[in-house]
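The values are calculated or read from the model by the stated rules, or taken from the named source; none is laboratory data. Just so it is clear, the structure is predicted and the values come from calculations on it, not from any experiment. Please note: Cβ atoms are built from the backbone with ideal geometry, for glycine as well, and neighbour counts cover all protein chains shown. Only protein heavy atoms, including side chains, enter the accessible area calculation; ligands, DNA and RNA are left aside. Shrake-Rupley method; radii C 1.70, N 1.55, O 1.52, S 1.80 Å.
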Amino acid sequence: MSNPRNGDTKPPCLPRNGLVKIPTQPNGLGSASITKGTPAVKNRLCQPSSVPAILSPALAHRSDLPIPSLASPLSLAALASVSSPPGASLVGLNTSESSEQPSPERLPGSPSERQLAVDEKILNRLFWYFSACEKCVLAQVCKAWRRVLYQPKFWVGLTPVLHTKELYNILPGGEKEFVSLQGFAIRGFDGFCLVGVSDLDICEFIDNYPLSKKGVKSMSLKRSTITDAGLEVMLEQMQGVVRLELSGCNDFTEAGLWSSLNARITALSVSDCINVADDAIAAISQLLPNLTELNLQAYHVTDTALAYFTAKQGYTTHTLRLNSCWEITNHGVVNMVHSLPNLSVLSLSGCSKVTDDGVELVAENLRKLRSLDLSWCPRITDMALEYIACDLHKLEELVLDRCVRITDTGLSYLSTMSSLRSLYLRWCCQVQDFGLKHLLSMGSLRLLSLAG
């Protein structure tokens, strides 16, 4: 993303939760998932020790070709050390084929070695061994490599993260010009995370991204100033969106949800949005009959809201995460288990008013649960773990972080669960050595976290 300066290298950037995040750069471009690296980074990312030698079948038996080993001077690292031309910008944001890049004839080595370096059969197999950020760097070596790497198959499951200041170029006259998103379209990205955008930015994105109308399936807006009007326009224009996330967006209201939510949405996540309360849940329940996943972090949602879900959603919804919904009590749990009986994933993390009685209701009525999160529920005791062990025979993941009243006795109940694979006991301050001995009989357990 930045031009090389004094040989400085950037730290490795690894995908996390499906998002590839790059640290903020000195030139003020912020964070993005697609970045340009310095020559030093290219050498480090493409070390021959991490790249298996792969040759196409057509070339493997040719004894007349001097096939270089990846430890030789003409290794992938040597090829990748070809510097990008001055003025090269974000890969994907300004990538026209007219950009001057080294041609295969200018690569070092003999003609046969150069032929191997651009053999598409070899490259199509070789590039699978690199991370997304390494592919961004390798795509700048030459046009042949970029042509191979810009195939959509290499970018499946990745979501570009674009900040508002990365969406515009400043022209010499001081005017702003929206950047080209053609490079993203070539790679077939069907999901985006936009940070800090306004209604106008979203309209510009829709107008400039070729796949926005039908091809974008997932949209995430974080810390944005989108209003009711912007939300309505976005969901009206982007007819392909089925997954929507709104995080830290405080300018839209519950009325905006009523006017914009579309029945095609199957997954909705709303967090840290101060205008979301019971009426928002009413809108969700009535307008999204095909909802399969709901993630909600809303401090003003009460027990009443959990009774709004319809019979249709009770059949389709399998994931419900209620994080830091402080007003929800055991009465809300009663409404939830009757409205959504087919849940397989449930989180009540931070629902501090839920007690053992609420957990008993969950265990008795939601027998299909495979994942249960009760972290930061300080009123949960060993009795709740007995209910879980007796009734939730399909449970595979249990999160009990910061449940400070759980003791060794509770772990003895959990030791009878034959399907449990992941158990989180972080900062459970009353769990001691004796309690861990109970877990020795759990043959299915694969992950145990005792942090804190």
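Lys and Arg at +1, Asp and Glu at -1: add these up for the other residues within a Cβ distance under 15 Å of residue 349 and post the number. Before the final figure, lay out each step's value.
On the way: positive: 321, 353, 379, 402, 426; negative: 272, 327, 373, 397, 401.
Net charge around residue 349: 0.
Is the shape of the stretch 300-452 best called rounded, prolate or oblate, per the rule: a/c under 1.5 gives rounded, else a/b larger than b/c gives prolate, else oblate, with a ≥ b ≥ c the square roots of the Cα gyration tensor eigenvalues? Kindly include the intermediate steps, with their values, before the conclusion.
Working: a/c = 2.22, a/b = 1.56, b/c = 1.43.
Prolate, because a/c is 1.5 or more and a/b exceeds b/c.
Please compute the contact order of the stretch 143-302 in relative form: average sequence separation of alpha-carbon pairs under 8 Å and at least six residues apart, divided by the residue count, as a percent.
Values: 313 pairs, mean separation 25.6, N = 160.
Relative contact order here is 16 percent.
Pop a pseudo-label 7 angstrom from the Cα along the beta-carbon direction at both residue 304 and residue 124 and give the gap in nm to one decimal.
6.1 nm
Can you tally the net charge around residue 155? Count Lys and Arg as +1, Asp and Glu as -1, for every other residue whose Cβ sits under 15 Å from the Cβ of residue 155. Can you show the working numbers first?
Numbers: positive: 135, 146, 147, 153, 187, 217; negative: 134, 190.
Surrounding charge for residue 155 is +4.
Around residue 297, which amide H atoms from residues at least 5 apart in sequence, or from another chain, sit under 5 Å from its own amide H, with H modelled in the peptide plane?
For residue 297, the qualifying residues are 270, 271, 272, 323.
Counting other C-beta atoms within 10 Å, and keeping those with at most 13, which DSSP coil trypsin sites (Lys or Arg not before Pro) do you find in the stretch 266-359? Display every interim value, and only then the final one.
Details: sites: 312, 321, 353; in loops: 353.
Sparse-neighbourhood loop trypsin sites (Lys or Arg not before Pro): none present.
Shape of the stretch 114-154 from its Cα gyration tensor (a ≥ b ≥ c, root eigenvalues): rounded if a/c is under 1.5, otherwise prolate when a/b > b/c, or oblate?
Numbers: a/c = 1.63, a/b = 1.34, b/c = 1.22.
Prolate is the answer for the stretch 114-154, as a/c is 1.5 or above and a/b outweighs b/c.
Residue 394 to residue 156: FRET efficiency via 1/(1 + (r/R0)^6), r the Cβ-Cβ distance, R0 30 Å, to the nearest 0.05? Could the numbers behind the result be given before it?
Working: r = 30 Å, r/R0 = 1.00.
The computed FRET efficiency comes out at 0.50.
Averaged per residue, what accessible area in Å² does the stretch 114-154 show with a 1.4 Å probe, protein chains only?
Working: 1540 Å² over 41 residues.
Result: 38 Å² per residue.
For the stretch 301-419, give the percent of accessible area contributed by carbon and sulfur heavy atoms, probe 1.4 Å, rounded to a whole number. Write out the running numbers ahead of the final one.
On the way: 2370 of 4660 Å².
Roughly 51 percent of what the probe reaches on the stretch 301-419 is carbon or sulfur.
Considering amide H positions built from the backbone, and no H for Pro or chain starts, which residues 5 or more places from residue 178, or on another chain, come under 5 Å of its amide H?
Counting only residues 5 or more places away or on other chains, the set is 169.
Can you pull out the chymotrypsin sites (Phe, Trp or Tyr not before Pro) in the stretch 110-212 that DSSP calls coil and that have at most 15 other Cβ atoms within 10 Å? Please list the in-between numbers first.
Numbers: sites: 127, 128, 129, 130, 145, 150, 154, 155, 168, 178, 184, 189, 192, 205; in loops: 130, 150, 189.
Counting only loop positions with at most 15 other Cβ atoms within 10 Å, none of the chymotrypsin sites (Phe, Trp or Tyr not before Pro) in the stretch 110-212 qualifies.
What shape does the stretch 155-250 have by the C-alpha gyration tensor, where a ≥ b ≥ c are the square roots of the eigenvalues, rounded means a/c under 1.5, and otherwise prolate means a/b greater than b/c and oblate the rest? Write out the running numbers ahead of the final one.
Values: a/c = 1.59, a/b = 1.13, b/c = 1.40.
Taking the square roots of the gyration eigenvalues as a ≥ b ≥ c, the stretch 155-250 is oblate.
Report the net charge of residues surrounding residue 374, where surrounding means a beta-carbon distance below 14 angstrom and charges are Lys +1, Arg +1, Asp -1, Glu -1.
-2
Give me the distance between the Cα centres of the stretch 141-218 and the stretch 374-391, rounded to whole Å.
Taking the Cα centre of the stretch 374-391 as reference, the centre of the stretch 141-218 is 46 Å away.
Which links in 121/165; 394/437; 135/165; 153/214; 165/217; 222/368 stretch past 30 Å when you go from one Cα to the other? Present the calculation step by step, with values, prior to reporting the outcome.
Details: 121/165 39 Å; 394/437 23 Å; 135/165 24 Å; 153/214 19 Å; 165/217 24 Å; 222/368 33 Å.
Where the Cα-Cα span goes over 30 Å, the pairs concerned are 121/165; 222/368.
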